[in-house]
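Trainee: Dropping the structure in here first, questions after.
All of the numbers you see were taken from the coordinates with simple rules; none came from a lab. These figures come from a predicted structure and were not determined experimentally. With ideal geometry, Cβ positions are generated from the backbone for all residues, glycine too; neighbour counts draw on all protein chains shown.
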Amino acid sequence: MRIIVLIPFLIFYALTGITQATPGEQQKKELAIVIDDFGNNMEGSKEMLELPVPLTVAIMPFLSTTEKDAKLAHEKGHEVIIHLPMEPKKGKKSWLGPGAITTDLSDEEIRKRVEEAIKDVPFAVGMNHHMGSKATEDERVMRIILEVCKENNLYYLDSKTAEKSVIPKIAEELSVPYLENDMFFDHIYSERHIYRQASKLVERLDHRAQLIAIGHVGVTGERVVSALKTYLPEYERQAEIVPLSALLPPTIPSL
C-alpha cells in the first residue's frame, strides 16, 4: 500500500524537475533595496550608485538630473523605477515638485501627467510614489495611475505611506503586478536611527524569505550610504540582493 501511494509523487517530481529539500537546506532569501528621490543632484546620489550591489533606483521625473541619473543607474546595473510625486495629507503641494499628482486634478490631467512622467524617465520598469499619503487612498486617482502602468507594462511598489492605501485592491482588480514596502531605513533622519534600522533588517532576514527596504538620497543620503556599506556584508551572508522586479510573482500564461 505504501508503494502505491509513493509512486505518483515520484513520477510528478521526475516530470517537473522539482526536488525535495534536504534536511537543513534553507530557502534562498532575497532582499530588494530601493533608494528614492533621485533626480536633482541630491546628496549621496553618486556614492549610492557606486555601491557594489543591484539597487532599485526611484527617480523623480522632470528634474535637472532625471535623465542623467536614470542612464547612469542603468549603466551600473541598477533597476530604474519612476518616483512619481503624489499629494500627501500634510505638507505643501509646492514640496512635491513638477508634474505632481493631486486629488483635485481631472481624470484627463492625471493620465497626461503619468504618461509624461513615464516618458521622462528612461529605462524605467516600475513605479512608486513620492509622499502620496492622500493620493494613494483615493480610488479614482490610483485607478488611473495603475491603468497607465498596465498599459506601459510597469509594476508598482506601494511604499506604504498611507494606512488605508487602495493600491493592493485596485492593482489586483486590474492585474497590475505590485509589491509592498516592508520598512524604511530613514523615516527618522538621525544617524543612530538609520543604523538601528539597518541592524533590524538583519534580524528580519532571519524570519522572512523576501524583504523590501527603502532609503533615500538627499538629507539622509550620506548616512544611508554609510549604513549600507557597514551592513551589506551581513545582508549578503543571509540573502541575495536583487532588483525589485525579481520579487514579483511569476505571471501565469493564458491558455
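Trainee: Could I have the simple spin-label model distance between residue 237 and residue 151, label points 7 Å from Cα toward Cβ, reported in nm to one decimal?
Mentor: The modelled label-to-label distance comes out at 5.0 nm.
Trainee: Hey, another quick one. Based on other C-beta atoms within 10 Å, arrange 67, 115 from fewest to most.
Mentor: Numbers: 67 16, 115 13.
So the ranking, lowest neighbour count to highest, is 115, 67.
Trainee: Using a simple spin-label model with points 7 Å from Cα along the Cα→Cβ vector, what separation in nm is obtained for residue 111 and residue 76?
Mentor: 3.8 nm
Trainee: For residue 172 and residue 67, what is the calculated FRET efficiency with R₀ set at 35 Å and r taken between the beta-carbons, to the nearest 0.05? Before the final figure, lay out each step's value.
Mentor: Numbers: r = 33 Å, r/R0 = 0.94.
Using R0 = 35 Å, I get an efficiency of 0.60.
Trainee: Tell me which label goes with the value of mean projected area of the Cα convex hull in nm² computed from the coordinates here: (i) 16.9; (ii) 13.8; (iii) 15.8.
Mentor: Step by step, mean projected area of the Cα convex hull in nm² for this structure corresponds to label (i).
Trainee: Here's another thing I want to ask about it. If you rank 136, 102, 230 by fewest surrounding Cβ atoms within 10 Å, what's the result?
Mentor: Ranked by crowding around the Cβ, least crowded first: 230, 102, 136.
Trainee: With the Cα gyration tensor of the range 206-255 giving a ≥ b ≥ c as the square roots of its eigenvalues, does the rule (a/c under 1.5 for rounded; else a/b larger than b/c for prolate; else oblate) give rounded, prolate or oblate? Don't skip to the end; give the middle numbers.
Mentor: Working: a/c = 3.59, a/b = 1.84, b/c = 1.95.
Judged from the Cα gyration tensor, the range 206-255 comes out oblate (a/c at least 1.5, b/c at or above a/b).
Trainee: OK, next. Go through 29/92; 112/169; 28/160; 92/164 and tell me which ones have a Cα-Cα distance over 29 Å in this structure.
Mentor: Values: 29/92 40 Å; 112/169 23 Å; 28/160 25 Å; 92/164 21 Å.
Violating the 29 Å limit, Cα to Cα: 29/92.
Trainee: Give the angle, between 0 and 90 degrees and rounded to the nearest 10, that separates the Cα long axis of helix 221-238 from the longest principal axis of the Cα atoms of the chain.
Mentor: Between the helix axis and the principal axis of the chain, the angle is about 0 degrees.
Trainee: Ignoring everything except DSSP H segments at least 4 long, calculate the 222 nm mean residue ellipticity for the chain; use -39,500 (n - 2.57) per segment, divide by total residues, nearest 500.
Mentor: Per the formula, -12000 deg cm²/dmol.
Trainee: Oh, and also: Give a quick list of GluC sites (Glu not before Pro) in the range 121-165 that DSSP marks as loop, anything other than H, G, I, E or B, with at most 14 other Cβ atoms within 10 Å. Mind dumping the intermediate values first?
Mentor: On the way: sites: 137, 139, 147, 151, 163; in loops: 163.
The qualifying sites are 163.
Trainee: Related question: Subtract the Cα-Cα distance of residue 229 and residue 94 from 0.36 nm times their separation in residues, and report this length gain in nm to one decimal.
Mentor: Values: separation 135, 0.36 × 135 = 48.60 nm, distance 3.36 nm.
The span from residue 229 to residue 94 would gain 45.2 nm if fully extended.
Trainee: Moving to a separate point now. Does the range 59-191 classify as rounded, prolate or oblate by the C-alpha gyration tensor (a ≥ b ≥ c root eigenvalues; a/c under 1.5 gives rounded; else a/b over b/c gives prolate, otherwise oblate)? The partial results should precede the final answer.
Mentor: Working: a/c = 1.26, a/b = 1.13, b/c = 1.12.
It comes out rounded by the Cα gyration axes.
Trainee: Multiply the residue separation of residue 164 and residue 248 by 0.36 nm, subtract the distance between their alpha-carbon atoms, and state the gained length in nm to one decimal. Don't skip to the end; give the middle numbers.
Mentor: Details: separation 84, 0.36 × 84 = 30.24 nm, distance 2.22 nm.
Fully extending the segment from residue 164 to residue 248 adds 28.0 nm.
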